[in-house]
Amino acid sequence: MTSAMSPSERRLQKELMSLIKDPPPGVSVDAEQAEQNLLQWTIHMEGATGTLYEGESFQLQFKFSNKYPFDSPEVTFVGSNIPVHPHVYSNGHICLSILTDDWSPALSVQAVCLSIVSMLSSCREKQQPPDNAFYVKTCNKNPKKTKWWYHDDSV
Amino acid sequence: MDYLLDLVLQYPLIKLKAIEKSDKVLIRGKMLVKNKDIFIALKQTAIINGRSKYKLIKLDEDFNESTAIQIKQILEKESFQNVLEVLNKIHKHLETEKPLINLENHCEIYRKVIHEYSEFTKFFLHLKTSKLLQDLSAITASITDSNYREHSVKITVDFTQKTSDIFEISEFDLPQRIQDTFKPNENLIVLFDQFLARIERLQPYFDLMEEFDRNTTVLDPEKPKRSDSHRRIWLGENISTIITIDPYNVFQRPNFKFLGPEYLVESYSNHLNNNLGNWVCQENIFQGILDLLGLEDFPKRPTTKNQHNLLVDYGECSICFSLRLNEKLPEVICTNKRCEKFYHNECLYGWFVASNAKIVFNAISGNCPNCEKTISCPVLE
């Protein structure tokens, strides 16, 4: 049934293969799960050595719509360990501009993972976002529905 | 997708085909009803809550109009989980219907086919392979030409009894010209002879195309067929040319189109324009083409480049991450020298529309998805 694959599925398949074969350091994808459902991936991420998150491991969930890559993926931290970071809410939502306003179809899952790794790596103090309690209570389940305010790029 | 195996087992002659630009499928082929292959074609029209609606497009003429209407009514009322379910439903209904009794007398044609085929194999002793299908509906044959190239052909038999020219060349791999398509003939030998004459006439064309395939890095077509009269040839890391040959006028100056960033294209086009006047109808066309381009030889693409696993390879579209989209190659290139990413017109246009870019006359412009410099592409219908 390869001929019936849409360009969007073809691209996801190619990204998945590339991520399995040649993942960025500290990143790995749950291949079996992603192959069963190409629209939802789980990615394991290790905190980089020499950073505040060294030794910790996290799980990211990627959900794709059938408009991908015209539509950005929905990316959240899931599982028992959510990183404590000024841009990561305790429900796993991430405040990162390339996931919404600054998304471009030339970006890829790999590029998003690298951005998140570097976001974590540049953190100097483990701290929840100032509005965490309020946000977590009031936000939509889908982080893409949140009107983000991208405060600063330093962390 | 568990039903797919059952689908193949129960209806091996049914084919599914995705309808372009949609998530729906066309279903066509034959199903066995009362020991007879019945032709059927359906179209998936809607998907509601995981169940699909289908529409009957064609039903074998062995069944009369009222049967087709009954099936149409069933399909209008019901929706189905998958393709297998809808085919089962139709199959069950057809089993209860009486087909029109339509036993034509084909004896005359059978006799003629067998006679012609035996004459044919006696006449052309240098055939490489030849085969008459068991149901006498077609003949396949292949032959090696004077340069050891193999050519095969399929000739089908017309059983409608509307004409005496029952043999028709239906499948072959040669470049076509409208003015001389093969016409049906009643004589198999005469028909095959026309095919041979065509192969003979195209020898210089085959020679030239093989020279391209041997001596250049061909980017497209991926696996050239004899009917493909163009080659996209690698000239450098960022530049390629599409050379189109007229198969029946090989010695005429071919057509060139350069693909790549503007400054490189310009340098090649200038070279070409300066040399155009020197083209003479020469014996060695390949050398002539090299002279036109001002090249000693076509450069060979270094193979080591391909070995590392790039997400987007050179020349691939940076939006859909593939080379071919509906048979088309990426034709828009970012003009920023530091970027030079490739895009399919369709992909870039789709992104510009989704991001509310500006349309001016027939072009739409927005930011390059990779480098964010302004680029534009033609508006698609």
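Things to note:
- Axis of helix B:203-215 versus longest Cα principal axis of chain B: the two differ by about 60°, to the nearest ten degrees.
- For the stretch B:107-201, the alpha-carbon radius of gyration amounts to 1.05 times the rule-of-thumb value 2.2 N^0.38 Å expected for a compact globular protein.
- For the stretch B:205-293, the solvent-accessible area with a 1.4 angstrom probe is 49 square angstrom per residue.
- With all protein chains modelled, accessible area of B:Asp135 [1.4 Å, Å²]: 90
- For chain B, the square roots of the Cα gyration tensor eigenvalues, ordered a ≥ b ≥ c, give a/c of at least 1.5 with a/b no greater than b/c, which places it in the oblate category.
- Where B meets A: accessible area buried, both sides, 1.4 Å probe, Å²: 1600
- Share of carbon and sulfur in the accessible heavy-atom surface of the protein assembly as shown [1.4 Å probe, %]: 50
- Whole-angstrom gap from the stretch A:95-129 to the stretch B:223-250, using each part's C-alpha centre: 44
- Two numbers describe the Cα atoms of the stretch B:59-171: Rg and Dmax, which are 21.1, 62 Å.
- Contact order, relative form, for chain A: 19 percent (alpha carbon pairs under 8 Å, 6 or more residues apart, mean separation divided by residue count).
- The stretch B:217-290: Cα Rg divided by the 2.2 N^0.38 Å rule of thumb: 1.13
- Most positive-pole-ward Cα, B:Ile333, B:Ile242, B:Leu16, against dipole of chain B from beta carbon charges: B:Leu16
- Largest-first principal axis extents of the Cα set of the protein assembly as shown (Å): 91, 75, 47
- Overall shape: oblate for the stretch B:310-381, with the ratio a/c of the largest to smallest alpha carbon gyration tensor axis at 1.5 or above and b/c at least equal to a/b.
- Legend: residues B:Leu293, B:Leu5, A:Leu96, sorted from most to least accessible area (1.4 Å probe; ligands, DNA and RNA excluded), read B:Leu5, A:Leu96, B:Leu293.
- Charges were assigned to the Cβ only: +1 to each Lys and Arg, -1 to each Asp and Glu. The resulting dipole of the protein assembly as shown about its Cα centre is roughly 1120 debye.
- Largest first, the residues B:Tyr205, B:Tyr3 sort by 1.4 Å accessible area into B:Tyr3, B:Tyr205.
- Taking amide H atoms as placed 1.01 Å from N in the peptide plane, the amide H of B:Ala363 lies under 5 Å from those of B:Val379, each 5 or more residues away in sequence or on another chain.
- Positive minus negative residues near B:Asn370 (Lys, Arg vs Asp, Glu; Cβ under 14 Å): 0
- Each Cα pair under 8 Å and six or more residues apart adds its separation to the average, and for chain B the resulting relative contact order is 6 percent.
- Relative to the longest principal axis of the Cα atoms of chain B, the long axis of helix B:65-77 lies at roughly 60 degrees.
- Summarising the amide proton neighbourhood of B:Ile14: residues at separation of 5 or more, or on other chains, whose placed amide H is nearer than 5 Å comprise B:Lys30.
- Accessible-area rank, largest first, for A:Phe70, B:Phe212: A:Phe70, B:Phe212, with all protein chains present and a 1.4 angstrom probe.
- Pairs from B:Lys77/B:Lys98; B:Lys15/B:Lys53; B:Lys21/B:Lys53; B:Lys30/B:Lys225; B:Lys17/B:Lys358; A:Lys67/B:Lys337 whose Cα-Cα separation, in the structure shown, is over 25 Å: B:Lys30/B:Lys225; B:Lys17/B:Lys358; A:Lys67/B:Lys337
- Proximal charge balance of B:Glu211 [Cβ under 15 Å; K/R count +1, D/E count -1]: -2
- Antiparallel bridge percentage (DSSP; both residues within the stretch B:34-149; nearest 5): 100
- Computed E for B:Leu13/B:Ser267 - FRET, C-beta separation, R0 51 angstrom, nearest 0.05: 0.40
- C-alpha long axis of helix B:83-96 to longest principal axis of chain B, angle in °: 30
- Peptide B:341-351, shielding by other chains (average Cβ, 10 Å cutoff): 2
- Dividing the mean sequence gap of close Cα pairs (under 8 Å, 6+ apart) by how many residues the stretch B:215-304 holds gives a relative contact order of 26 percent.
- Sorting B:266-272, B:84-90 by their mean Cβ neighbour count within 10 Å, with the most densely packed peptide first, gives B:84-90, B:266-272.
- In sequence order, the stretch B:254-259 has phi-based couplings of x, 9, 10, 9, 9, 10 Hz under the Karplus curve 6.51 cos²θ - 1.76 cosθ + 1.60, θ = phi - 60°, and Gly or Pro positions carry x.
- Cut-off 14 Å between beta-carbons: net charge of the residues surrounding A:Gln61, Lys and Arg +1, Asp and Glu -1: +1
The values are calculated or read from the model by the stated rules, or taken from the named source; none is laboratory data. A quick note: this is a predicted structure, and the numbers were derived from the prediction, not measured. When we count neighbours, we look across all protein chains shown, and the Cβ atoms used for this are built from the backbone with ideal geometry, even at glycine. Calculation scope for accessible area: heavy atoms of the full protein, side chains included, ligands and nucleic acids excluded. Shrake-Rupley method; radii C 1.70, N 1.55, O 1.52, S 1.80 Å.
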